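The values are calculated or read from the model by the stated rules, or taken from the named source; none is laboratory data. Quantities reported herein were computed from a predicted structural model and do not represent experimental measurements. Here the Cβ positions follow ideal geometry from the backbone for every residue, glycine too, while neighbour counts run over all protein chains shown.
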Amino acid sequence: MDLKNKEIEEIIVRYLDGSIDSLEEKTLRAWIKDSEGNKKQFLQKYKLWNLSKLPYCDYNDENAYGTVIHKIYANKIRKRNISKKVMYVTSSVAAILILFFCIYTLIPKNRNEAEDIQSYVDNSQKPDMKGKEALLILSDDKKVSLNKDDSSIEYASNSIAINKDDSISKEGSSAFNQLVIPYGKRSSITFSDGTRAYVNAGTRLVYPVEFKQDIREIYVDGEIYIDVTPDKTRPFVVKTKDMDVAVLGTSFNVNAYENNKRKYVVLKTGAVKINKKQGKESILSPNQICEFDGSEDLLIKNVNANDYILWIHGMYKYNGEKLKNILYDLTKYYGIEIMCDQSIANMTYSGKLDLENELPVILKNITKMLSLTYIKENDKYIIKSYK
């Protein structure tokens, strides 16, 4: 990133005095991550700065001088005509300010100082949903394989229970954890506040180890059914790429796969407010669905909410659903690619599918109902019309 030192210095000053805007903050974060050299420079100066803060560093002339110069810098930075001597001093102070920013952004002292969840998601590597194992990611160097098709996780005060059999310590965990459920797997998780979520196949769930004092936020790329523990002092917000769903205590289903245009929220109990990132807002009542397919409009209609959460019990139920959407669901659930000819993609199907059955049994039931056929080619299935 081609930025002059003076530009960075001024942005950092605005960051520290609270006047920085969101665009400048993103620019600064990107600059820090632009090269390993920048990062090393930060870490080297951080060590020097940290040494100056050790207990044995009592008052001396240099410390006092640095404090005075800091005030001079704050007053002089916006002036054009600065002597060479002051420019030298301001550069030194700017380095200290950069170090302060580095510590704030790159070396958090504890979980409460971490960046917000959206920034964490934006700056994290997206996991591979076609992997073979469901993973609980506690930090960059601490990942736990869940080893079951239907796993469970429960957060306690000091530990995390895995599949009810094993327990691991929270120690060494980063501020945010990730639950990665690839195609063909499912999971359930109980958060630190008692809220429980069922996590469908092909889903990435990001959440804090401990929720904040004023709000509870999680991020979903995929599908979850969630039963939120009531807490009037801390709203619960499910964030996705295109919308935020805010509640106080309720149960609802969110389907928001980033690689699929069709997204929806179905409310079972309570009430939720949906804020679409483009500014649209809707409030749902029980047994209502809010859906959109990439357009600006939000479509709300009455449904039987139980039909949309049967997947947590190993069932899918459809009422006039397009074939292409059904095959998308089955591809995720079984972890096997299923395709159909474009000419039959919008055919509709109604019925209940028992997901305890093998995939060929499911496909046989669907194709028989729609007067279609299917074949298997290599590792995928193709639905076709009779010729």
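So residue 301 clears everything in (1) more than 21 Å from residue 226 (Cα to Cα); (2) in the same structural domain as residue 275 (by TED's automatic domain parsing); (3) of a type in the set (Lys, Arg) except one condition, right? Which one?
The single condition residue 301 does not satisfy is (1).
Evaluate the range 262-277: report whether one residue or more is buried (at least 17 other Cβ atoms within 10 Å of the Cβ), under 27 Å from residue 133 (Cα atoms), among the small types (Gly, Ala, Ser) and not assigned by TED's automatic domain parsing to the domain that holds residue 371.
Taking every residue of the range 262-277 in turn, none turns out to be buried (at least 17 other Cβ atoms within 10 Å of the Cβ), under 27 Å from residue 133 (Cα atoms), among the small types (Gly, Ala, Ser) and not assigned by TED's automatic domain parsing to the domain that holds residue 371.
When you look at residue 275, is it more than 27 Å from residue 158 (Cβ to Cβ) and either under 18 Å from the mean Cα position of the chain (by Cα) or in contact (Cβ under 8 Å) with a residue 24 or more places away in the chain (or both), yes or no?
Answer is yes for this residue.
Residue 214 versus (1) closer than 18 Å to residue 275 by Cα; (2) out of contact with any strand residue (DSSP E or B) (no Cβ under 9 Å at 6 or more places or on another chain): which is the lone unmet condition?
For residue 214, the failing item is (1).
Given the options 310, 284, 298, name the one that is more than 18 Å from residue 238 (Cβ to Cβ) and either among the hydrophobic types (A, V, I, L, M, F, W, C) or touching a Ser or Thr at 6+ places or on another chain (Cβ under 9 Å) (or both).
Values: 284 fails: more than 18 Å from residue 238 (Cβ to Cβ); 298 fails: more than 18 Å from residue 238 (Cβ to Cβ).
Sole residue among the options that is more than 18 Å from residue 238 (Cβ to Cβ) and either among the hydrophobic types (A, V, I, L, M, F, W, C) or touching a Ser or Thr at 6+ places or on another chain (Cβ under 9 Å) (or both): 310.
Please verify whether residue 207 is closer than 19 Å to residue 145 by Cα, of a type outside the set (Val, Ile, Thr), within 16 Å of the chain's Cα centre (by Cα) and not in a loop (DSSP other than H, G, I, E, B), treating the condition exactly as stated.
In short, yes.
Could you figure out which of (1) surrounded by 12 or more Cβ atoms within 10 Å (Cβ to Cβ); (2) among the β-branched types (Val, Ile, Thr); (3) without any contact (Cβ under 8 Å) to a residue 60 or more places away in the chain; (4) within 25 Å of residue 185 (Cα to Cα) isn't true of residue 289?
(4)
Among what's in the range 134-167 and is of a type in the set (Asp, Glu) and outside any strand (DSSP E or B), pick the residue that is nearest to residue 198 (Cα to Cα).
Here the residue is 149.
Please enumerate the residues belonging to the range 174-199 that are within 18 Å of the chain's Cα centre (by Cα), in a loop (DSSP other than H, G, I, E, B) and closer than 14 Å to residue 211 by Cα.
Across the range 174-199, the qualifying residues are 174, 175, 191, 192, 195.
Can you find a residue in the range 280-297 that is in contact with a Leu (Cβ under 8 Å, 6 or more places away or on another chain) and either outside the structural domain of residue 225 (by TED's automatic domain parsing) or more than 28 Å from residue 351 (Cα to Cα) (or both)?
yes
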